[in-house]
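See structure below.
The values are calculated or read from the model by the stated rules, or taken from the named source; none is laboratory data. None of these values were measured; they are calculated from a predicted model. Here the Cβ is made from the backbone with ideal geometry for all residues, glycine too, and neighbour counts use every protein chain on show.
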Amino acid sequence: MKDLAIRLGINAAALWVAAAVVGGIELNKGSDDGRGSWGDRAVMLLIVAAIFATVNAIVKPIATLIGLPLIVVTIGLFIFVINALMLLLTSAISDALNVPFHVEDFGSALFGALVVTLVSWPLSLVGKVID
């Protein structure tokens, strides 16, 4: 349970940084725009992080297996395309659930996936030390 909480916190922090850095990723879109109290915003980020974690746990392994030849040919760079698609899928699910998280286009998703990777990697290392 503690491991899950750490992972959700890392995902939430990485998504928050991506939304702050990438112009096409918004945390304040939709009818519930996430501009409430800090507690409301933290819960909203944790919901988005849970959606992102679920997409990464269920869809990403299948997409990686299908894209394996392209991953090999591009020396692993195609993984960023798969990560961008996972971010776009997270956005679509969030929109369907009326959660205020939106990714505008593939370019924003690609840059956002890079930011999420660069933020979550060192945080995961810290999370392993804490755990």
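Go through segment 97-131 residue by residue and tally those that are closer than 16 Å to GLU26 by Cβ and either surrounded by fewer than 14 Cβ atoms within 10 Å (Cβ to Cβ) or of a type outside the set (A, V, I, L, M) (or both).
Summing the residues that are closer than 16 Å to GLU26 by Cβ and either surrounded by fewer than 14 Cβ atoms within 10 Å (Cβ to Cβ) or of a type outside the set (A, V, I, L, M) (or both) in segment 97-131 gives 12.
Mind telling me which of the residues ALA92, ALA20, ALA12 ends up being at pLDDT below 95, assigned to a helix (DSSP H, G or I) and surrounded by fewer than 17 Cβ atoms within 10 Å (Cβ to Cβ)?
ALA20
So is LEU45 out of contact with any strand residue (DSSP E or B) (no Cβ under 8 Å at 6 or more places or on another chain) and either surrounded by fewer than 18 Cβ atoms within 10 Å (Cβ to Cβ) or among the β-branched types (Val, Ile, Thr) (or both) or not? Before the answer, list the steps.
On the way: out of contact with any strand residue (DSSP E or B) (no Cβ under 8 Å at 6 or more places or on another chain): yes; either surrounded by fewer than 18 Cβ atoms within 10 Å (Cβ to Cβ) or among the β-branched types (Val, Ile, Thr) (or both): no.
Against the criterion (out of contact with any strand residue (DSSP E or B) (no Cβ under 8 Å at 6 or more places or on another chain) and either surrounded by fewer than 18 Cβ atoms within 10 Å (Cβ to Cβ) or among the β-branched types (Val, Ile, Thr) (or both)), LEU45 does not qualify.
Across segment 95-108, which residue is farthest from the chain's Cα centre (by Cα) among those that are among the small types (Gly, Ala, Ser) and under 18 Å from GLY23 (Cα atoms)? Spell out the reasoning first.
At the first step, the residues of segment 95-108 found to be among the small types (Gly, Ala, Ser) are 96, 107-108.
Those still in the list that are under 18 Å from GLY23 (Cα atoms) too: 107-108.
Working: GLY107: 15, SER108: 12 Å.
In this case the residue turns out to be GLY107.
A quick yes/no check of all residues on (1) free of Cβ contacts under 8 Å to residues at least 24 places away in the same chain; (2) touching a helix residue (DSSP H, G or I) at 6+ places or on another chain (Cβ under 8 Å); (3) not hydroxyl-bearing (Ser, Thr, Tyr):
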position: VAL48; (1), (2), (3): no, yes, yes
position: LYS60; (1), (2), (3): no, yes, yes
position: ILE71; (1), (2), (3): yes, yes, yes
position: THR74; (1), (2), (3): yes, no, no
position: PHE80; (1), (2), (3): no, yes, yes
position: ASN98; (1), (2), (3): no, no, yes
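For VAL116, state whether it is in contact with a helix residue (DSSP H, G or I) (Cβ under 8 Å, 6 or more places away or on another chain) and in a loop (DSSP other than H, G, I, E, B).
Values: in contact with a helix residue (DSSP H, G or I) (Cβ under 8 Å, 6 or more places away or on another chain): yes; in a loop (DSSP other than H, G, I, E, B): no.
So VAL116 fails the test.
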